[in-house]
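**Q** My questions will all concern the structure given below.
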Amino acid sequence: MLERFAVMGASGGGPHALACAAGLPERVTAVACLASPAPYTEAFDWFGGMVDPSGLRAAREGRETRAEHAETAEFVPSSFTDADWAALEGDWSSLGQDAVRAGEAGPDGEIDDDVAFASAWGFELESIETPVLLAQGGEDRVIPPSHAYALLRALPRPELWLRPLDGHISILHACPLTLDWLRLNAR
């Protein structure tokens, strides 16, 4: 068993990485979140800047409503920027293949994720004393920069890397630098 470790999560993995830091403060040395949603709040327009927030809006009403939405929902291609599509055709093509396979298995995972993201997370961001790196694409149309700024305001020890030309997938090109940051900031 690892006694101490750093965690990194991209997109929906960000809340899980933050949960590790909140739940295991003595073991998690540093956290990196790329394009992570912030906890749902009405303190800012949580859906603002999303090309298609319909799934998350349905999730706010509960799992049953989100499941009904999934029956007719279709991916909106304009959710991704040209840089995102280029990443999916290049270095991150395996991610696209994984997403297709997951979709073929059914919507249950996506439904559960959306309900979790749009509900209370079960911990307070303010309790996380671990250093947290937020890497955010300035052109992200799935999880817009307003979420990174909300996380930045709530976390005690955050650092924000705003990459103005990146979107939701192309931000993943920052992973090597993010891993270096995790190594250097491990306490």
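The values are calculated or read from the model by the stated rules, or taken from the named source; none is laboratory data. None of these values were measured; they are calculated from a predicted model. Backbone-built Cβ (ideal geometry, glycine too); neighbour counts: all protein chains shown. Each accessible area value is taken on the protein alone, full model and side chains, heavy atoms only, with ligands, DNA and RNA left out. Shrake-Rupley method; radii C 1.70, N 1.55, O 1.52, S 1.80 Å.
**Q** Could you check how much of the accessible area of the chain is carbon and sulfur, as a whole percent, using a 1.4 Å probe? Each step should come with its number before you reach the end.
**A** Details: 5230 of 9610 Å².
Ligands and nucleic acids excluded, carbon and sulfur reach 54 percent.
**Q** Sticking with this one: Just by accessible area at a 1.4 angstrom probe, what is the order of His173, His69, His168 from largest to smallest?
**A** Largest to smallest exposure gives the sequence His173, His69, His168.
**Q** Any chance you could run the full-extension gain for Asp112 through Leu160? It's 0.36 nm times the residue separation minus the Cα-Cα distance, nm to one decimal. Numbers along the way, then the final one.
**A** Details: separation 48, 0.36 × 48 = 17.28 nm, distance 2.80 nm.
Result for the pair: 14.5 nm of gain on full extension.
**Q** Restricting to DSSP H runs of at least four residues, report the calculated mean residue ellipticity at 222 nm for the chain, -39500 (n - 2.57) per run over all residues, nearest 500 deg cm²/dmol.
**A** -12000 deg cm²/dmol
**Q** While we're on this one: Across the chain, how large is the tail of the calculated P(r) beyond 30 Å, expressed as a percent of all Cα pairs? Write down the numbers at each step before the final one.
**A** Values: 2957 of 17391 pairs.
Percentage above 30 Å: 17.
**Q** How large is the accessible surface of Asp98 in square angstrom, using a 1.4 angstrom probe and rounding to the nearest 10?
**A** Its heavy atoms expose roughly 80 Å² to the probe.
**Q** In addition: Tell me, what ³J(HN,Hα) does each residue in segment 39-50 have, in order and in whole Hz, if you take phi through Karplus 6.51 cos²θ - 1.76 cosθ + 1.60 with θ = phi - 60° and put x for Gly and Pro?
**A** Values per residue, Gly and Pro as x: x, 4, 7, 9, 6, 8, 6, 4, 8, x, x, 7 Hz.
**Q** May I pose another question? In terms of modelled amide H atoms, which long-range or inter-chain residues lie less than 5 Å from the amide H of Gly138?
**A** Arg163, Leu165, Asp166
**Q** Relative to a virtual label point 7 Å from the Cα of Ala73 in the Cα→beta-carbon direction, which members of segment 1-41 show backbone nitrogen distances below 19 Å?
**A** Of the residues in segment 1-41, 10-16, 35-41 have backbone N under 19 Å from the label point off Ala73.
**Q** Let me ask something additional. Relative to a virtual label point 7 Å from the Cα of Arg27 in the Cα→beta-carbon direction, which members of segment 149-187 show backbone nitrogen distances below 17 Å?
**A** 187
**Q** Which of the chymotrypsin sites (Phe, Trp or Tyr not before Pro) found in segment 49-86 are in a DSSP loop and have at most 16 neighbouring Cβ atoms, other than their own, within 10 Å?
**A** On the way: sites: Phe75, Phe80, Trp85; in loops: Phe75, Phe80.
Passing both the DSSP loop test and the Cβ count: Phe75.
**Q** In whole Hz and in residue order, list the ³J(HN,Hα) couplings for segment 24-36 that follow from phi through the Karplus curve 6.51 cos²θ - 1.76 cosθ + 1.60, θ = phi - 60°; x for Gly and Pro.
**A** 10, x, 7, 10, 7, 8, 6, 10, 10, 10, 10, 6, 8
**Q** Another one. Provide Rg and Dmax in Å for segment 39-89, with only Cα atoms included in the calculation.
**A** Using the Cα atoms of segment 39-89, the pair Rg, Dmax is 13.3, 37 Å.
**Q** Might you report the magnitude of the Cβ-based charge dipole of segment 1-148 about its Cα centre, with Lys and Arg at +1 and Asp and Glu at -1, to the nearest 20 debye? It would help to have the intermediate numbers written out before the result.
**A** On the way: 8 positive and 26 negative charges, 72 e Å.
Roughly 340 debye for segment 1-148.
**Q** Another question about this same structure. Select from Leu88, Ala105, Phe123 the residue farthest towards the positive end of the dipole of segment 40-128; place +1 on Cβ of Lys and Arg, -1 on Cβ of Asp and Glu, and compute about the Cα centre.
**A** Checking the options against the dipole of segment 40-128, the answer is Phe123.
**Q** With the other protein chains left in place, how much accessible area per residue, in square angstrom, belongs to the chain at a 1.4 angstrom probe? The partial results should precede the final answer.
**A** Numbers: 9610 Å² over 187 residues.
Ligands and nucleic acids excluded, the result is 51 Å² per residue.
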